[in-house]
Amino acid sequence: MTNTLIEIRDLRVGFAGREVVHGVNLDIRRGECLALVGESGSGKSVTAHSILRLLPGKDVQTQGSIRYDGIDLVSASDAQLRGLRGNRIAMIFQEPMTSLNPLHTIEKQISEVLLTHKGLKNRAARARTLELLQLVGIRDPQTRLKAYPHQLSGGQRQRVMIAMALANEPELLIADEPTTALDVTVQQKILELLIDLQQRLGMSLLLISHDLNLVRKIAQRVCVMRGGQIVEQARCEDLFRAPQHPYSRMLIEAEPSGTPVPSDYRHNLLEVDNLRVWFALPTPLFSRERQYVKAVDGVSFELKKGRTLGIVGESGSGKSTLGQAILRLVDSEGDIRFGNKQLNLLNQNLLRPLRRQMQVVFQDPFGSLSPRMSVQQIIAEGLLAHGIGTPLEREEAVIRVLQEVGLDPQSRHRYPHEFSGGQRQRISIARALIMEPALILLDEPTSALDRTVQKQVVDLLRDLQLRHGLTYLFISHDLAVVHALAHDMIVIKDGKVVEQGDARTIFNHPQHPYTQALLEASSLKPMTLATGVSHTPQVLCN
């Protein structure tokens, strides 16, 4: 038996006559992990999706060959592909919410895979489904069987996708940014799971990622893509020790770094005391006791003007709910003082003028920008809602803020789909900045971005904070980004603060075991080249 599982030769892929992948040659060996890395638009996902002919649209032109077990997948019949998809070759997609059916329960969606390829039904399917959910770390899986995708956190949804992909123990698992939406401890568990499955099942893994820390921990070989071409192929250890191509070196060095901006403000902008957000559960029959999900449970902190508070914790810990409660976007109990205003005592009419001072930048810039509105309309929408300025003054403000976030003002008449992920996030920041706020809630603003773009956005946020004296609530599971931005930090687990204080002190001397576990699972030190001092532990780089 040959050692090569997948053989790709001279692969060329075009859309509507425009070629985006140019003559790719690579082999995926049996039982190995091959990583495909590069920035957004480099051709990584197009190359991987070509293996199972999952590219969208009717105008796709694919040339070359992709051979698996004697079959050329480029010219394979639909029946042959149906037998392979989800069975011998499975795939984990980047965005689980768009891959899971919102109308079907988790049990139904996993069972469908088992029925199609294994013929499992009823009790056998349920038993295997529970086994898979336990395997990928879903807590109390019995209670999750009847849950719908929107009832799970982002990390939980991604684990369900991984469970579906692993249901039939495939020979090749294609993982397209499988940990983008996951916090560091879950990333660590998923990595350990994939390594265990690869060794136990002899499974091959094609990992597509922009996170080189992840790649360094798991991959055995690495292909670096740029502009639809592979510019470097090497063993994992060799690539990180001595990259040959300038682009490879740039990717390795593109780690968010630096320190928070100096801040000498002395008065508090935000004070939160004993904040609680409890969601009532349906009362069981014949039970008088009301049960609650304690999403936020007694959180207190102070935040001075001009500083950044990093809020970290695992998926489902209550980070985002805390941020939404502070801005009065969800009902809560407890005191929230913003400047000289007691927010929890104000009704929506009295809150409305204060909304201008409190802005939000969300995790997914594409989902938070209306596809029907131009950039000009998106950024100026807040000004229009608050009745600020004439049309000409609003347009001039949009031009100024676009320049400030590093975008061409001439692009203001274009639409979100015409921009890259990093550019869309800059548009989101501009939309918040144009209101001249005192406080900006940044909810995972860099998690969906390439490392090189993350570095640019972190530098931009620091520059804007220094220039305008902005105060940030920065929610993230990426501790490297928090390390580069945050002055202060709170660590949340199951709705409670387990550690808080000066960010540098917590990073250097964590006291709580949970904080220690978060830091241990995160590669915080910048990766350096051959003679560098810092070094990230290597797993399976041999």
Next item on the list: Identify all residues within the range 456-482 that are open to solvent by less than 10 Å² (accessible area, probe 1.4 Å) and within 20 Å of the chain's Cα centre (by Cα); write none if there are none.
Entry: 457, 458, 461, 472, 473, 474, 475, 476, 479, 480, 481, 482
Next item on the list: Return the total of residues in the range 135-169 being under 15 Å from residue 113 (Cα atoms) and in a helix (DSSP H, G or I).
Entry: 7
Check: Of the residues 479, 519, which is touching a strand residue (DSSP E or B) at 6+ places or on another chain (Cβ under 7 Å) and modelled with pLDDT under 95?
Finding: 479
Note to self: Please go through the range 7-60 and give me each residue that is hydrophobic (A, V, I, L, M, F, W, C), in a loop (DSSP other than H, G, I, E, B) and farther than 20 Å from residue 171 by Cβ, ordered by number.
What the structure shows: 16, 55
Item checked: Single residue of the range 421-455 satisfying the filter (charged (D, E, K, R) and outside any helix (DSSP H, G or I)) that is nearest to the chain's Cα centre (by Cα) -> 444
Next item on the list: Please specify each residue of the range 119-135 satisfying the condition of being touching a residue at least 12 places away in the same chain (Cβ under 8 Å) and more than 27 Å from the chain's Cα centre (by Cα).
Entry: 125, 126, 128
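Would you say residue 192 is of a type in the set (Asp, Glu) and in contact with a strand residue (DSSP E or B) (Cβ under 6 Å, 6 or more places away or on another chain)? Before you say what the answer is, go through the steps one by one.
Values: of a type in the set (Asp, Glu): yes; in contact with a strand residue (DSSP E or B) (Cβ under 6 Å, 6 or more places away or on another chain): no.
So residue 192 fails the test.
Listed here are the residues, each with its yes/no results for (1) free of Cβ contacts under 8 Å to residues at least 40 places away in the same chain; (2) under 20 Å from residue 273 (Cβ atoms).
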{"residue": "478", "(1), (2)": "no, no"}
{"residue": "486", "(1), (2)": "no, no"}
{"residue": "497", "(1), (2)": "no, yes"}
{"residue": "501", "(1), (2)": "yes, yes"}
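For the range 283-300, give me each residue that is open to solvent by 10 Å² or more (accessible area, probe 1.4 Å) and within 29 Å of residue 186 (Cα to Cα).
291, 292, 293, 294, 295, 297, 298, 300
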Next item on the list: Return a yes/no flag: does the range 82-105 have any residue that is free of Cβ contacts under 8 Å to residues at least 60 places away in the same chain, farther than 30 Å from residue 7 by Cβ, open to solvent by 60 Å² or more (accessible area, probe 1.4 Å) and more than 24 Å from the chain's Cα centre (by Cα).
Entry: no
Check: Which members of the range 357-367 meet the condition of being open to solvent by 30 Å² or more (accessible area, probe 1.4 Å) and over 14 Å from residue 329 (Cα atoms)?
Finding: 357, 363, 364, 366, 367
Next item on the list: Kindly provide the set of residues from the range 222-249 that are exposed (fewer than 15 other Cβ atoms within 10 Å of the Cβ) and among the hydrophobic types (A, V, I, L, M, F, W, C), ordered by number.
Entry: 242
Next item on the list: Mind listing just one residue for me: the one in the range 203-262 that is of a type in the set (Asp, Glu) and closer than 29 Å to residue 171 by Cβ and, of those, farthest from the chain's Cα centre (by Cα)?
Entry: 238
Item checked: Residue within the range 461-482 that is of a type in the set (D, E, K, R), out of contact with any Lys or Arg (no Cβ under 9 Å at 6 or more places or on another chain) and assigned to a loop (DSSP other than H, G, I, E, B) present -> yes
Checklist line | Single condition residue 116 does not satisfy, out of (1) in the same structural domain as residue 236 (by the TED database); (2) open to solvent by 80 Å² or more (accessible area, probe 1.4 Å); (3) free of Cβ contacts under 8 Å to residues at least 40 places away in the same chain | finding: (1)
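The values are calculated or read from the model by the stated rules, or taken from the named source; none is laboratory data. Predicted model, so just to flag it, every value in this text is computed and none were measured. So basically every Cβ, Gly included, is an ideal-geometry build from the backbone, and we count neighbours across all protein chains shown. Accessible surface areas use protein heavy atoms only, side chains included; no ligands, DNA or RNA. Shrake-Rupley method; radii C 1.70, N 1.55, O 1.52, S 1.80 Å.
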